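Peer 1: Starting off with a structure, shown below.
Derivation of every value follows stated rules applied to the coordinates shown; laboratory data play no part. Keep in mind that what you see is a predicted model, and the values were worked out from it rather than measured. Cβ sites come from the backbone with ideal geometry, for glycine too, and all protein chains shown count toward neighbours.
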Amino acid sequence: MRCTQFIGLRQSAHDFLKENFTQVESSRSTTGMFDEVVPLREWVPNAHGDIVKVREVEQTAPWSSGPMIFTCLEIEKTTGKFLDYMWKQDRAVVSEYDRGTGAFWV
């Protein structure tokens, strides 16, 4: 069956966000294979520092009976934005992805 598979963030990104950030309403999204809206999240820091906001962004969407949407974090600091907690391709992955290691092979 063909469908959009939202994989989302790797485990280390969830761990980074869990203690230090609060999720806020987001109007950001991407689209699936049938043009369905796939919401993407945003967070603000719980304490003052150099991080202004963290956004979930689509990193890649390889095909496996439909797009598999892998996301990473866009971290906005007072000095600029950068991507972090990105998935990496690894031929050694036994199944299509491993959330714990942050690796995929599709």
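Peer 1: Search the stretch 58-78 for residues being exposed (fewer than 15 other Cβ atoms within 10 Å of the Cβ) and in contact with an Asp or Glu (Cβ under 7 Å, 6 or more places away or on another chain), and hand back the single one that is nearest to Met1 (Cα to Cα).
Peer 2: Going through the qualifying residues, I end up with Ser64.
Peer 1: Additional query: Counting only residues that are of a type outside the set (D, E, K, R), closer than 18 Å to Phe21 by Cα and loosely packed, with under 15 Cβ neighbours inside 10 Å, which one in the stretch 79-106 is nearest to the chain's Cα centre (by Cα)?
Peer 2: Here is the first cut: in the stretch 79-106, the ones of a type outside the set (D, E, K, R) are 79-80, 82-83, 85-87, 89, 92-95, 97, 100-106.
Checking which are closer than 18 Å to Phe21 by Cα leaves us with 82-83, 85.
Those still in the list that are loosely packed, with under 15 Cβ neighbours inside 10 Å too: 82-83.
Numbers: Phe82: 13, Leu83: 10 Å.
Per the stated criteria, the residue is Leu83.
Peer 1: If you check Ala13, Ala61, which single one turns out to be under 20 Å from Trp105 (Cβ atoms), in contact (Cβ under 8 Å) with a residue 60 or more places away in the chain and not hydroxyl-bearing (Ser, Thr, Tyr)?
Peer 2: Exactly one of Ala13, Ala61 is under 20 Å from Trp105 (Cβ atoms), in contact (Cβ under 8 Å) with a residue 60 or more places away in the chain and not hydroxyl-bearing (Ser, Thr, Tyr), namely Ala13.
Peer 1: The conditions are (1) within 11 Å of the chain's Cα centre (by Cα); (2) within 23 Å of Tyr97 (Cα to Cα), and Phe16 fails exactly one of them. Which is it?
Peer 2: Unmet for Phe16, out of (1) within 11 Å of the chain's Cα centre (by Cα); (2) within 23 Å of Tyr97 (Cα to Cα): (1).
Peer 1: Let me ask something else. So the check is Cβ under 8 Å with 6+ separation or different chains; which pairs have a first residue in the stretch 20-47 that's farther than 17 Å from Gly8 by Cα and a second one that's part of a loop (DSSP other than H, G, I, E, B) and among the β-branched types (Val, Ile, Thr)?
Peer 2: Partner pairs satisfying both residue conditions: Phe34/Thr4.
Peer 1: A further question on this structure: Just wondering, is there one or more residues in the stretch 65-76 that are within 12 Å of the chain's Cα centre (by Cα) and free of Cβ contacts under 8 Å to residues at least 60 places away in the same chain? Quick ask: steps written out before the conclusion?
Peer 2: Taking the stretch 65-76 and keeping what is within 12 Å of the chain's Cα centre (by Cα), we get 68-75.
Checking which are free of Cβ contacts under 8 Å to residues at least 60 places away in the same chain leaves us with 74-75.
Yes, the stretch 65-76 contains at least one residue that is within 12 Å of the chain's Cα centre (by Cα) and free of Cβ contacts under 8 Å to residues at least 60 places away in the same chain.
Peer 1: Which of the residues spanning the stretch 1-26 are of a type in the set (S, T, N, Q), in contact with a Pro (Cβ under 9 Å, 6 or more places away or on another chain) and more than 22 Å from Lys88 (Cα to Cα)? Give the steps one after another, and end with the answer.
Peer 2: Filtering the stretch 1-26 down to residues of a type in the set (S, T, N, Q) leaves 4-5, 11-12, 20, 22-23, 26.
Then keep just the ones that are in contact with a Pro (Cβ under 9 Å, 6 or more places away or on another chain); that gives 4-5, 20, 22, 26.
Hits for the stretch 1-26 are Asn20, Thr22, Ser26.
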